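Engineer: What follows is a structure written as structure tokens; I'll ask about it next.
Every number in this text was worked out from the coordinates using simple rules, so none of it is lab data. Values in this document were obtained by computation on a predicted structure and should not be read as measured data. Ideal geometry is used to build each Cβ from the backbone, glycine not excepted, and the neighbour counts take in all protein chains shown.
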């Protein structure tokens, strides 16, 4: 027992990326247990999440010794598969359920997988190429742009933003020039009225509500107001595990997915929030370290993309629950309920772990 | 390398932003958001104001509280008033217009629970629970209802409960009364409301976003008010109500030795448990809330002859055996004055004139006595003046000025004079006890839950009227003969000596065609009076009233032996006295 504890502390100190992720996953399980009100049913999200963690863990054991470099060749194949799936989703889709593909007993969300696939494809494309050359930049834009438009059209504003961040992150590390960045920015401003025009009404509403949440406290501003009440009412030490009133009584919608952070804030208070944020910070720092030590360009770009993906999710998710970012509807990786998101997160850390391993094996 | 560092700085910056933001929300703004979260999910519900129990003199319950289920809604949680009104109007048989009006009204506190309907039936409750999902903000909530075991029989005596009115609220605000409170609106419930009213109870419940109750946080039991014991005897009250039957009118029974009211009945009555139904004036034009005993003002009719007789005998206007001839008609100046008996009573003295209620005789002696003397005597016996009974809304009646009255009419109780039945009951009691005017009263004592006596009404001797002993003897003898062989013969009860007087109340001499009101006052037993009764019937004759009074007295004094071993309850009363 004691030895086991010592071993665990060592792994934490050694910053084993998989170990740190599992601490976060464990944290998430506790929070989800509370969010499920302690009522565990076969249909409930708690059991499903446990199952996904189990499946993810199997992946960890299978791919533990895999070499990330083999992904470089495979990435294009993945890319076309994912484009195909996103297209299917878009055409079969009705309303907001159009993010999922039903596969028997579970729902598969291609847009979650698209993030990782875009990271791999873009990294593969940019390895040994100079992004400062216009054709390279242009093709990079195309690689990200096609899935971006497909996801945006779903509409999945959150994931679309993540694609932009992934592109910016990888191209930045790949050495994009300031001039190129400025022209891209101007281009974005130029096309934004067109984007606004093709936006769905509810997306526009969300942005407007973000600008003035008190516009309609029982309507569109409701989520944000309730989210702030939930977090604020946690105070310094919180209401206690399983004792949150806001989340338990369904004042806060989607508390087990996008607003899971509120459960942490309400039940564990400011102290819990600081511990959680610092843990996540520790995790993200570890990824930065992997970017730094990566020996191949491909590895460096992939690690950067994954970093941007996790950091983007983390910051945007917390930002929206805290009222400093519009509510765009993206999950908090490892914590929010959702199978696709969890599997993608676990696959990402398997890749990171491999990058780390092969950077020291010389 | 610089670019990786930038990523790290970028991340660190936002981590700071997030922590600062959480610090602001959770530490600095904590009280504000905490309040909001409490308001979100905690509702305080008043479960009603428990009231004290009302007992009769023998400890039988006349009014008590019982649990009930009320239909309530929280304005804040209401989503679609139209739809909710639609469903509820079907389930609870409520008017849809009324519901929409009530549901959409602007309330000061939108978290308050507003009662839509009280005392739901089991069927209504189950139908509402079934449809709860379509009725956000609507619940069935426990409450208190008032139960009156004797129902209509004690309605006027006890009164009823109703929501506090705006004008009542303004008067009672300082005493802790609040909007929406149910308070006594008449009778004993109103008279002693402050004592009966307890401290409201409440529960704090946690509700979810739809407003449905999840669990109870805290419960404050309401503290019932004080219990009240009345002088009323429920058995006699029941007898009085039964004997009056369907007739419009009233009965009151009093102990002539101290003024304790034993029964007080007025008809038509109402069901105090279903007030809304009776408040509808269109459906109930007969004014069921009108308590004739204390609010009805009628000419006393021949009962006033008691006053005329005492006045005539005491002033020496007439001696016991002075005789006057009644031919059935008498001409005074240019007016023709009739006796009720067309062929006349022939030569009668006072001993016969009273039993036969001869108008000519009393008219003649009344003229001799004079208007001012008659009025003086009427006032001496406290007619035309509230008796001070402890019920709200007692009327005074009216005694005219000497200039307004005509001695002929006044001496037989007609003309502008009016009295209330309770005053006439008090008058006959005074005759029964030989001159003591006791204030009629209903409250015996008010006892707190701890058992302390908070208030106790002692018999109150308002005044003692000196009545010449000889005159009193003659009067009493005459009253006895009213029942023995006179106009009140139908009141006669085998084995019980009753003294009484009939009266036929008429609006005025010129309205003789109008239906008359029959009245009868009496006391018994003759030699040792214990009970005084007044029976008053709208559109009835005085012999009918006498018959009812007789039956009441019979059932009080001579209990029917219906079954062996089943002691009739009236005996309890005898033991008490």
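Engineer: Which order results if B:293, B:483, A:328 are arranged by neighbouring Cβ count within 10 Å, fewest first?
Structural biologist: Final ranking by Cβ density, sparse to dense: A:328, B:293, B:483.
Engineer: Can you give me the pair-distance distribution of the stretch A:121-176, C-alpha pairs, 10 Å bins, whole percents?
Structural biologist: 25, 52, 21, 2
Engineer: In chain B, what is the volume of the convex hull around the alpha carbon atoms, normalised per residue and reported in Å³?
Structural biologist: Each residue corresponds to 209 Å³ of Cα convex hull volume.
Engineer: Just the ratio, please: alpha-carbon radius of gyration of the stretch A:291-362 over 2.2 N^0.38 Å, N its number of residues.
Structural biologist: 1.28
Engineer: Mind telling me which of A:261, A:281, A:334 comes out most flexible in a GNM of chain A, alpha-carbon contacts under 10 Å?
Structural biologist: Its mean-square fluctuation being the largest, the pick is A:281.
Engineer: Something else: Do you know the relative contact order of chain B, to the nearest whole percent, from alpha carbon pairs under 8 angstrom that are 6+ apart?
Structural biologist: 13
Engineer: Here is a further query. Taking only DSSP H segments of four or more residues, each worth -39500 (n - 2.57), what value at 222 nm results for chain B once the sum is divided by all its residues, to the nearest 500 deg cm²/dmol?
Structural biologist: So the calculated ellipticity at 222 nm is -10000 deg cm²/dmol.
Engineer: Which whole-number percentage describes the relative contact order of the stretch A:2-360, with Cα contacts under 8 Å and a sequence gap of 6 or more?
Structural biologist: After rounding, I find 27 percent.
Engineer: Sticking with this structure for a sec: When the expected Rg is taken as 2.2 N^0.38 Å, what fraction or multiple of it is the alpha-carbon Rg of the stretch B:43-230?
Structural biologist: Working: Rg = 17.5 Å, N = 188, 2.2 N^0.38 = 16.1 Å.
In units of the globular-protein estimate, the stretch B:43-230 measures up at 1.09.
Engineer: Another question, if that's okay. Which angle between 0 and 90 degrees, to the nearest 10, do you get for helix B:30-41 versus the longest principal axis of chain B when only C-alpha atoms count?
Structural biologist: Between the helix axis and the principal axis of chain B, the angle is about 60 degrees.
Engineer: Okay, moving on. Over all directions, how big on average is the projection of the convex hull of the alpha-carbon atoms in the stretch B:363-505, in square nanometres?
Structural biologist: Values: hull surface 45.7 nm².
If you wrap the Cα atoms of the stretch B:363-505 in a convex hull and average its projections, you get 11.4 nm².
Engineer: To make sure I understand, if each residue's beta carbon is the centre and we count other beta carbons within 10 Å, what order do A:133, B:323 fall in, fewest to most?
Structural biologist: A:133, B:323
Engineer: Can I ask one more? How far is helix B:359-369 tilted off the main Cα axis of chain B, in degrees rounded to 10, range 0 to 90?
Structural biologist: It is inclined by approximately 90 degrees.
Engineer: Further question on the same structure: Alpha carbon centre of the stretch B:130-193 versus the stretch B:516-550: separation in Å?
Structural biologist: Rounded to whole Å, the Cα centres lie 36 Å apart.
Engineer: The stretch B:420-485 to the stretch B:364-401: how many Å between their Cα centroids?
Structural biologist: Here the two parts' Cα centres lie 16 Å apart.
Engineer: Continuing with this model, one more query. Using only alpha carbon pairs under 8 Å that are at least six residues apart, calculate the relative contact order of the stretch B:43-230 and give it in whole percent.
Structural biologist: 35
Engineer: Okay, moving on. Whole number please: convex hull volume per residue of the Cα set in the protein assembly as shown, in Å³?
Structural biologist: Per-residue hull volume (Cα only) is 240 Å³.
Engineer: Using Cα atoms only, what is the angle between the long axis of helix B:2-23 and the major principal axis of chain B, expressed in degrees (0 to 90) to the nearest 10?
Structural biologist: Compared with the principal axis, the helix lies near 10 degrees.
Engineer: Stick to Cα atoms and the Kirkwood definition of Rh, then tell me Rg/Rh for the stretch B:400-454. Provide the component values of the computation, followed by the final result.
Structural biologist: Values: Rg = 18.6 Å, Rh = 14.6 Å.
Rg/Rh: 1.28.
Engineer: Report the Cα-based extents of chain A along its three principal axes, largest first, to the nearest Å.
Structural biologist: 59, 56, 42
Engineer: I would also like to ask the following. Can you show me the helix-derived [θ] at 222 nm for chain A, built from DSSP H runs with n ≥ 4 at -39,500 (n - 2.57) apiece and divided by the number of residues, rounded to the nearest 500.
Structural biologist: Counting only the DSSP helices, I get -23500 deg cm²/dmol.
Engineer: Counting other C-beta atoms within 10 Å, which of B:308, B:419 has the fewest, and how do the rest follow?
Structural biologist: By the 10 Å Cβ count, ascending, the order reads B:308, B:419.
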